[in-house]
Structures are given as C-alpha cells and as structure tokens.
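Here is the structure we will look at.
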Amino acid sequence: MHIFDDYKSAEKFLKKTLFADYKVGQKKATWCIIPAGGSGKRFKSNIPKQYIHLNGITILERSVASLLKFPKRAALACIILIVSREDKYCEFLKFANSPSDLNKGVPIIALRCGGSTRGESVYAGVNFLKNIASVNDWIVVHDAVRPCVSQIALERLWDIGSKEPDGAILAIPVSDTLKLGLADKEQNDPTSVYIKKTENREHYWLAQTPQMFKVELLLDVFQGKTFSFTDEASAVESIGKKPRLIQGERKNIKITTPDDLKIAENWQLKEEGVTAGHNMRIGQGFDVHKFGNEGKFVILGGVKIPHFASLLGHSDADVLIHAICDAILGAAGLGDIGEWFPDNEPKYKGVDSRKILKKIISSIKTRGLAVHQIDATVICEEPKITPHKEKMKEILTMDTKCSFVNIKATTTETLGSIGRKEGIAAMASVSLLSK
C-alpha cells in the first residue's frame with residue numbers, strides 16, 4: 001500500500017502502475033472507497049476503532065481483505081482508503097510498506113484527505129476518481145468497520161447491482177418489532193424514551209455496505225450538496241433515484257461498540273472453524289540448515305532473501321517453515337516433518353516448503369484442528385531478518401489461516417556454528433484449537 005497526502009501524487013502513482021496494463025477507460029472497472037477517517041468516539045478507545053484488532057488483525061485490514069473477495073467479473077481496479085489528515089496508524093498496517101501477495105494484484109492506496117464526516121470522506125474519494133475513472137465505471141463504498149461481509153454476499157451484490165442504473169446496496173429486512181420512540185423532554189434524560197407507536201416492519205430494511213453506484217451518478221449527487229447523509233444510498237435518493245435493496249447477511253455487522261466487537265470476534269472464529277469450548281494443544285519445533293558454497297539467496301518463511309550462499313537441504317531448506325511444521329505436527333500428535341516428507345524421497349527434492357506447510361494444514365483440518373497462534377524465532381548472524389518479517393507474517397497468515405503470527409530474530413552473539421555464519425536455525429511454538 002502507498003500513502004499519499006495529495007491527489008496529484010496518488011493520481012500519478014495510479015497512472016504509472018495501473019493504467020498501462022489495465023487500460024482504464026477501455027473497459028468498465030470497479031473502484032472501492034473505504035471512508036476510514038472516523039475517530040470512533042462511541043467506542044471509547046484511545047485509538048480509532050478501525051485500527052483496533054479483531055482476533056489479531058486490525059478491523060480495517062479485515063475490511064480491506066473482504067473487498068478482495070469481489071468476483072473477477074467486477075474488474076476490481078483499486079481500493080482507496082480515505083483516512084484523516086492526521087492519521088499515523090495507517091503507516092503500520094501489514095500491507096503499508098510493501099506490495100503484498102494478499103492483495104491479489106489489486107493496488108491499495110491511502111489518501112490523507114478525510115473530512116470530519118463520512119460524507120465528506122466519501123466525497124473526497126469520489127472527487128479524486130473524477131479525473132481517473134470513467135463515468136460508466138462503478139464505485140463501491142464500504143464501511144471501514146464492517147469486516148465480516150462474505151464472498152457470497154459480494155457476488156450477489158455485483159451480479160444483481162451491476163444491472164441497476166440507480167445502483168444497489170446490501171441490506172437486511174427488519175425482523176424485530178419496530179417501535180417509534182418519543183423522548184420525555186421534561187425529564188431531560190436521554191434514556192427516558194417512551195413508545196409513541198408500533199410501525200409495520202414489513203417494508204423496513206437495515207442498510208449495510210458495500211453500496212455500489214456509477215461514477216457519473218455519485219458525481220451528480222455530490223455536486224453542490226451538503227454532507228449530511230449517513231450513507232450513499234440516502235444521497236442518491238435525494239435526487240430522486242431508487243437504489244435496489246439486495247439481501248445482505250446478519251453477520252455483516254458494523255462495529256460501533258465493544259459489544260459489536262465481541263460479536264464480530266465470534267463470527268470470525270466461526271469462519272475460521274473455531275468454536276466456543278475448544279481444547280488447546282501446544283507444540284514446539286526446531287530446525288537448522290547449513291550454508292552451501294553456492295547460491296544467491298535463502299528462503300525463510302516463504303520469502304526469498306538475497307545472500308551470498310543458499311542453505312543446503314533436500315527441499316528448498318526453508319528452516320523457518322520447517323520449524324513451524326514440526327511444531328504443528330507436534331501439537332497435533334502427528335510425528336515430525338521427517339516422517340511426513342522423508343529426505344530420501346526423490347519427489348520431495350527441491351520442493352517448496354509452503355506446499356509442505358499447506359499439506360500439513362489440510363491434514364490437521366480433517367482432524368478437527370486449526371492453528372490458533374504461531375510464535376517463531378529465526379537464529380542467525382546474517383542475513384538481516386527484520387526487513388522481511390512483515391512479509392513472512394503475511395505469507396504464514398495466508399497459508400495457515402492463523403490470525404496470531406509473530407516472527408522474531410536473534411543472533412548467538414558470534415558463539416557456535418551459527419555465530420560463525422555456518423548456517424541458520426529456527427524454533428517455533430504453535431497452539432492448535434479443536435473445532
């Protein structure tokens with residue numbers, strides 16, 4: 001992800017990195033805007049709620065990841081985060097400093113141009129796109145704190161909504177009895193509210209996001225308008241349009257209060273196959289490989305790191321993944337990596353260790369187990385590990401579906417074979433949860 005303080009720099013970046021290959025303007029594209037400039041006062045937190053962690057990953061990162069589930073036919077061009085002008089937290093997102101293979105080739109940028117309201121932030125995003133996107137392109141707006149929208153809901157939104165000239169939104173019918181409240185002004189108590197009447201809930205829906213509209217329509221809506229609307233559909237309605245309501249999901253919750261966060265955490269754990277009342281298992285792993293006389297890189301945690309010599313091994317010698325694999329197998333009570341992938345088997349010669357890891361993850365899944373936490377340490381004098389730790393975490397998170405991944409690095413203070421730069425070692429601790 002790249003972070004910009006002005007439109008001009010962001011526009012130049014997109015034209016350089018995206019337009020040459022994508023040929024925007026020659027085919028319809030979909031642009032995603034996430035207004036993320038809120039302070040989250042109702043959440044009563046020291047940091048904006050979009051940067052609070054949901055099972056080990058920030059809410060905003062999960063919301064971004066959810067949009068990457070849009071179907072390929074939507075031709076997703078870019079995800080644009082609109083953050084406040086003073087925002088410093090976005091610099092520490094996992095995908096902030098370098099391109100990630102988690103983004104499936106879709107550029108993610110952050111613009112520090114957010115307003116004091118949601119409407120102003122969305123307007124800033126639309127205004128940015130007016131010189132980039134075609135008027136017939138689609139703009140999808142999604143809440144920064146709505147991280148649980150599913151791929152099924154996104155496909156339904158696109159397949160139906162892309163045929164609607166006035167746009168469409170995800171929404172769910174009201175299922176509870178609907179009351180119109182009347183505050184008792186004499187008591188001067190905001191909690192003193194009484195029932196004025198019961199509404200017929202039959203025709204009422206609760207709006208969700210994403211909400212999708214043509215670029216041209218949103219440009220018309222925001223031209224000369226105030227920013228009092230609580231969602232884009234309301235703004236579109238104000239000029240006489242009728243966006244379509246498309247069935248959403250109850251789990252597509254907007255996180256506004258700490259209670260909402262707990263609900264989202266439970267949904268997320270359920271998606272990952274972890275249920276309440278689970279049992280935890282702990283395993284540890286260790287591996288070491290020595291340097292050969294040739295090579296130009298080492299592979300650690302799935303990341304290729306330039307180095308004067310490669311590590312020797314029957315596979316690709318990814319010592320970090322091997323230690324993690326052994327820890328997982330140990331926690332599951334399934335032996336060790338040598339039993340599963342013998343070093344005298346020709347078919348495993350030079351095998352990518354990520355394939356080994358994925359096979360082990362698949363195997364424990366059939367046994368009702370899921371990786372809950374990984375804590376690993378790489379031990380070496382060189383190469384330097386710190387510049388590559390975030391990339392390693394991203395890869396391991398993706399391959400294991402584990403939300404809590406931590407990578408550390410240390411040396412032996414020049415002691416022993418590792419200290420003499422003869423090789424690299426790694427150790428890992430892993431916890432598994434039963435489903």
(request) Could you calculate, for segment 228-344, the ratio of the Cα radius of gyration to the Kirkwood radius, expressed as Rg to Rh? (result) 1.28
(message) Normalised by the empirical 2.2 N^0.38 Å for globular proteins, what value does the Cα Rg of segment 280-434 take?
(response) 0.98
(message) Could you tell me which residue out of Phe404, Ile80, Gln211 lies farthest along the dipole of the chain toward its positive end? Charges go on the beta carbon: Lys and Arg +1, Asp and Glu -1, centred on the Cα centre.
(response) Gln211
(request) Write down the percent of antiparallel bridges among all DSSP beta bridges whose residues are both part of the chain, to the nearest 5. (result) 60 percent
(request) Please go through the residue pairs Lys358/Lys401; Lys69/Lys389; Lys69/Lys408 and name each one whose alpha carbons sit more than 19 Å apart in this structure. (result) Lys69/Lys389; Lys69/Lys408
(request) Within the set of other residues whose C-beta is less than 12 Å from the C-beta of Leu206, count the net charge using Lys and Arg as +1 and Asp and Glu as -1. (result) 0
(request) Set Lys and Arg Cβ to +1 and Asp and Glu Cβ to -1, take the dipole of the chain about its Cα centre, and tell me which of Gln50, Ser162, Leu68 lies farthest positive. (result) Ser162
(request) Search the structure for amide H atoms under 5 Å from the amide H of Trp205, placed 1.01 Å from N in the peptide plane, and list their residues when 5 or more places away or on another chain. (result) Val174
(message) Charges at C-beta only: +1 for Lys and Arg, -1 for Asp and Glu. How large is the resulting dipole of the chain about its Cα centre, in Debye rounded to 20?
(response) 740 debye
(request) Determine by what factor the alpha-carbon radius of gyration of the chain differs from 2.2 N^0.38 Å, reporting the quotient. (result) 1.13
(message) Give me the dipole magnitude in Debye, nearest 20, for segment 280-434 about the Cα centre, with unit charges on the beta carbon: positive for Lys and Arg, negative for Asp and Glu.
(response) 460 debye
(request) Give me the net charge of Ala309's neighbourhood, meaning all other residues with Cβ under 11 Å from the Cβ of Ala309; Lys, Arg count +1, Asp, Glu -1. (result) 0
(request) For n ≥ 4 DSSP H runs only, could you compute -39500 (n - 2.57) per run for the chain, divide by its residues and tell me the 222 nm figure to the nearest 500? (result) -7500 deg cm²/dmol
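Since every read-out is calculated from the coordinates, none of them should be taken as a lab result. Remember, it's a predicted structure, so these values are computed and weren't measured experimentally. Here the Cβ is made from the backbone with ideal geometry for all residues, glycine too, and neighbour counts use every protein chain on show.
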